[in-house]
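Undergrad: Handing you this structure, nothing more for now.
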Amino acid sequence: SCMNLVDIWRRFAAIPSPAILPMPRPTQTLSAVAIQPCSADPYRSPDPGFFVALLTALQNTHRNLEVIVLGTSAEQAPLRSLWNSSKVSFRPDLSMHDLAQVLKQVDWLLTPDTGPMHLAALLHTPVLAVFVSRADPILTGPYLAQSLIIHPGLRCAPCLDPALCHRQYECKKLP
């Protein structure tokens, strides 16, 4: 059977298995979401337009939705150029403590395979995780039952060497 890397690390550290949390009931309204727009590994990051389209759709459905953009200033730059809403706040270069505080306050984190994804899962904040290129949701997916994963479903994903991609990174161009 498949095992998440968290299970392996947990066994090495002799940490008991976490209790399985019940699935929360879906909320009718969202008040705040955070987005970590890219991974430290650029191959694991979807096209920035994907998150802009997703957040636009969410804000059309949830009129008062607050969006908090996380990450470094450089990671935020593509979204700054694509985004023009007053309900978006950019919070670059947060400390681990401040990042945890933000993740405790939002309804969801939208992110590729990142450290904040795992921190959100630890804090029981649901995650919408995007896995492209060499990111493998079976090995490093969010360790939280309430989370969702978007994966391109291509036969070549996860790839072993994205530098040799013959599909022009089709997996990163999500609908």
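The values are calculated or read from the model by the stated rules, or taken from the named source; none is laboratory data. Small disclaimer: the values here were computed from a predicted structure and weren't measured. Surface accessibility is based on the protein's heavy atoms, side chains included, excluding ligands, DNA and RNA. Shrake-Rupley method; radii C 1.70, N 1.55, O 1.52, S 1.80 Å.
Undergrad: Just a yes or no: is a residue in segment 5-20 open to solvent by less than 60 Å² (accessible area, probe 1.4 Å), modelled with pLDDT of 85 or more, among the β-branched types (V, I, T) and within 20 Å of A121 (Cα to Cα)?
TA: no
Undergrad: At pLDDT 85 or above and small (G, A, S) - does that describe any residue in segment 53-69?
TA: So far as segment 53-69 goes, no, none of its residues is at pLDDT 85 or above and small (G, A, S).
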